[in-house]
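Rule-based calculations on the coordinates, nothing more; no lab input. The structure presented is a predicted model; accordingly, all values stated were derived computationally and were not measured. Positions of Cβ are generated from backbone atoms using ideal geometry, with glycine treated the same way; all protein chains shown enter the neighbour counts.
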Amino acid sequence: MSGRRRERHLRFCRTPRGKVRFRRRTGQAPANMNKDDIQLLYEYDRWANNRVLQAASALNDEQFTRELGGSFRSVRDTVVDIIAGEWDWLAYWKEWSASAAFLADLSKQRDALFHPDAFSNVAAVRRKWAEVEKEQAEFVNGVTNESLGKMLPFRTTQASLAHLMQHVANHSTYHRGQIALMMRQLGAKPLATDFHVFLAEGRREASAAE
């Protein structure tokens, strides 16, 4: 396909600053993931988080908490941020409010439950993740296509529950990539958490465990 024909097919245009923006056809609804898509995404997310913790178990306590720089100081701090983020958003979805008092209280709870110094080793993180994972799975398995379309306050605008759930899974993927780099800096071997690996191996492993 020629470049010209490809441009017509993708229907994109350039803004004055040179950024590419995709047009949506008139009357076309925003693309949302449905219930099955979201449940698969979070099945993957839980599998990938467990793979990261499995790999991190090869680190000793000093390596796990060693300051390496980056968004967060250590493997420990980065893993805790993933779990804290998933807990934080889950709590918001279950009982959302745009009030400043509610959001401030939620932030205080997060800080109290997920201060990195409370997790001196991988075992401690795994115990907390097991709690969050169970609660999250119950919520995700209960979503419907209707509930995923519900609009929730988000900063100065609104976003659908489906899009917010995509955001959280993407946030965790971003930080898992950072952890893989940190593991290599420590001379340890990270485990692959690519989505295609999950499709080929993770779902088979889950079926075998049932």
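Summary of values
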quantity	calculated
Per-residue HN-Hα couplings for region 119-135 [Karplus 6.51, -1.76, 1.60; θ = phi - 60°; Hz; x = Gly/Pro]	10, 7, 8, 5, 4, 5, 5, 4, 5, 5, 4, 4, 5, 5, 4, 5, 5
Cα-based reach from Lys128 at 28 Å (exclusive), listing lysines while leaving out same-chain residues under 8 positions away	Lys35, Lys94, Lys108, Lys189
Sequence-separation-based contact order of region 84-204, relative, with Cα cut under 8 Å and 6+ spacing, percent	20 percent
Built amide H within the under 5 Å cut-off of Phe154, gap 5+	Ala159
Euclidean distance of C-alpha centroids, region 37-71 and region 130-168, integer Å	22 Å
Summed residue charge, Cβ within 12 Å of Phe64's Cβ, Lys/Arg positive, Asp/Glu negative	0
Packing-based order for 156-169, 38-51, 72-85, using average beta carbon neighbours within 10 Å, highest first	72-85, 38-51, 156-169
Gyration tensor (alpha-carbon) shape descriptor, region 33-209, a/c threshold 1.5	oblate
Global geometry of region 89-178, whether rounded, prolate or oblate, following the gyration tensor of its Cα atoms and the 1.5 cut on a/c	prolate
Extension gain from Thr173 to Lys150, taking 0.36 nm per residue of separation minus the Cα-Cα distance	5.9 nm
